[in-house]
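**Student:** Following this message is one structure expressed as C-alpha cells.
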Amino acid sequence: MQAASSRVAVIRNPSGQSATATATTTRTLEESIAYRAKFLTEYQNQSYANRHLSIVAKVRNAEAKAAPGSSELTEAVAKNLFKLMAYKDE
C-alpha cells in the first residue's frame, strides 16, 4: 500500500503576487516509517525514534489481526504520532 503526501508551497513572482504550487510525493508505508525514524533520531536520538517505531509496530500488528490487508490505521498513527513527537516547543 502506498501513501501519498502533498506539499504546498507559496511562490512569489517578481511583481510580488503569490502563486501556489503543489508537489505530490509517493512513499510506501515502510519508506515513510523509515524516513520519520531517521528524522526523529536526528531531532532527538535513537531511543526517541525507537519509541515511535515500537508504537507503530504495535498498531500495525493489531491492525493486521483485525483487518488483514489494511494499513490505514497504521499510516494515520505513524503520521500523527510523528507530528506529535517532532513538535518543537519553543
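Taken together, the values in this text are just the output of simple stated rules run on the coordinates, not laboratory data. Keep in mind the model is a prediction, meaning the values are calculated, not measured. Ideal geometry is used to build each Cβ from the backbone, glycine not excepted, and the neighbour counts take in all protein chains shown.
**Student:** Report, by chain and number, residues whose modeled amide H sits under 5 Å from the one on Arg27, excluding near sequence neighbours (fewer than 5 apart, same chain).
**Tutor:** Amide H neighbours of Arg27: Ala3, Ser5.
**Student:** Follow-up. Just to confirm the filter: which trypsin sites (Lys or Arg not before Pro) across the range 42-90 are DSSP coil and have at most 11 other Cβ within 10 angstrom of their Cβ?
**Tutor:** Here the sparse-neighbourhood loop sites are Lys88.
**Student:** Tell me, what HN-Hα J-couplings in whole Hz come from the Karplus equation 6.51 cos²θ - 1.76 cosθ + 1.60 at θ = phi - 60° for each residue of the range 57-70, using x for Gly and Pro?
**Tutor:** 5, 4, 5, 4, 5, 5, 5, 4, 6, 7, 9, x, x, 9
**Student:** How much length, in nm to one decimal, is gained on full extension between Asn50 and Ala34, taken as 0.36 nm per residue of separation minus their Cα-Cα distance?
**Tutor:** Roughly 4.7 nm would be gained on extension.
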